[in-house]
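This report concerns only the one structure given below.
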Ligand code: HEM
């Protein structure tokens, strides 16, 4: 039963509920996942001709088998699906022919090897140890600057005031965008008009388009006039085979980092703060020993995986978990479900930040598509938690925003792809700066 469900309410009929469209699953999808896992960790859903993978081992296996499972539909699954009825036991050619119908078909996450290998190599040029270390230094300052904005108010909204702007600017810094552009980007991503330029807001309304245009300009400039900066390193980065990519390809790689890394990391931050605000003993527990923060974050990633479902398209007819998968079938591979598989995580619905194997979760996927931003997201969330512990004495949920008793509520993003709060308002007592 969920917090808002009245006692004695009839159990929902999970056998007939459509995972992709039914709003009743948004608040708490976990009983639904459990229902299907209990039937079979690899089971046919009644809609859209999809096989749902809710088991841990089965999901990990599918992520590993890139040859058998295409990522062409990784982001949106059965929508729109292949435009023709697949025939035979190998649809490799069909996928190549119709790849462009799938949303985000030019981005890393939907590519298959060998194209994926090339593009991934380019992406990984951004995540060098040196760049990551500089980025971490930037995060430290950024977290405190962001907290400065609300520390005097005694209350803050985690996503708008902290999670989203930090996640955005961390990627902007990773890409070497000049700090002068950061404020502008933050306003555009927050849907605010540009300062003193209402017409400009209309012109640059689409933040990704603005970003692509600005970034392309910087890269062209750096190819023509190399300098000692990150943008020059990115502009000169080559594919693993040594060839120089088109500017448009580098821009696409960079834009995708914003798409992939912003909302997800903001959701990790809000998911973490939900636990400490709802049950402040966790706040005390972290405060007693800050080295507990990484384990705490892994358990949040396991319990509230920001990516609820990913998808794959069966390229060759095969079998996983004893279930036949004909070529052309759409698979929903759900980290949110796999991470609560009791065969891998005993008492999976219990939040236990000392869980020994929490880090084995699939929240960042597995295999060749495993999230390259995982180290960055982990460090970012750790820095945010540490900065809050530095500045805040105690905290709790804001009752006006979240209600109390039977009116208690959290609102989650109504999407089948991601899992996260739409808002989280926290009241706090700041630390005495003199203490
Ligand atoms: C808590 C935060 C994050 C979570 C939970 C997350 C989760 C994931 C998952 C599950 C995948 C695999 C998708 C699939 O196999 O279909 C993925 C891929 C990806 N993520 Fe993340 N991510 C996070 C943060 C980030 C950040 C901060 C960045 C970049 C700065 C990033 C960039 C990417 C990219 C580029 C891919 C595609 C990789 C590929 O296809 O080879 N992610 N992420």
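Every number here is computed from the coordinates shown, using simple stated rules; none is lab data. All values derive from a computational prediction rather than experimental measurement. For neighbour counting, all protein chains shown are included, and Cβ atoms are generated from backbone atoms with ideal geometry for every residue, glycine included.
Using the alpha-carbon centroid of each, what span in Å lies between region 218-257 and region 65-97? So the two Cα centres are separated by 31 Å.
How large is the translational diffusion coefficient of the chain in µm² per second when you combine the Kirkwood radius over alpha carbon pairs with Stokes-Einstein at 20 °C and 1.002 mPa s? It diffuses with D of about 93 µm²/s by this estimate. Label positions at residue 396 and residue 130, each projected 7 Å from the Cα along the C-beta direction, are separated by 5.1 nm. Which whole-angstrom value gives the distance between the alpha carbon centres of region 323-371 and region 143-163? Answer, in whole Å: 33. Normalised by the number of residues in region 23-430, the average gap of Cα pairs under 8 Å and 6 or more apart makes the relative contact order 27 percent. With the simple model of a label 7 Å out from the Cα in the direction of the Cβ, residue 386 to residue 64 spans 3.5 nm.
The sum of -39500 (n - 2.57) across all DSSP H runs of n ≥ 4, divided by the residue count of the chain, sets its helix-only mean residue ellipticity at 222 nm to -13500 deg cm²/dmol.
The slack between residue 408 and residue 38, meaning 0.36 nm per residue of separation minus the straight C-alpha distance, is 130.2 nm.
Exposure proxy for 208, 286, 424: other Cβ atoms within 10 Å of each Cβ, ordered fewest to most, give 208, 286, 424. Taking label positions 7 Å along the Cα-Cβ direction at both residue 356 and residue 106, the computed distance is 4.9 nm, reported to one decimal.
Counting neighbouring Cβ atoms within 10 Å and putting the fewest first, the residues 161, 229 line up as 229, 161. Given R0 = 25 Å, the distance between the Cβ atoms of residue 429 and residue 291 translates into a calculated FRET efficiency of 0.55.
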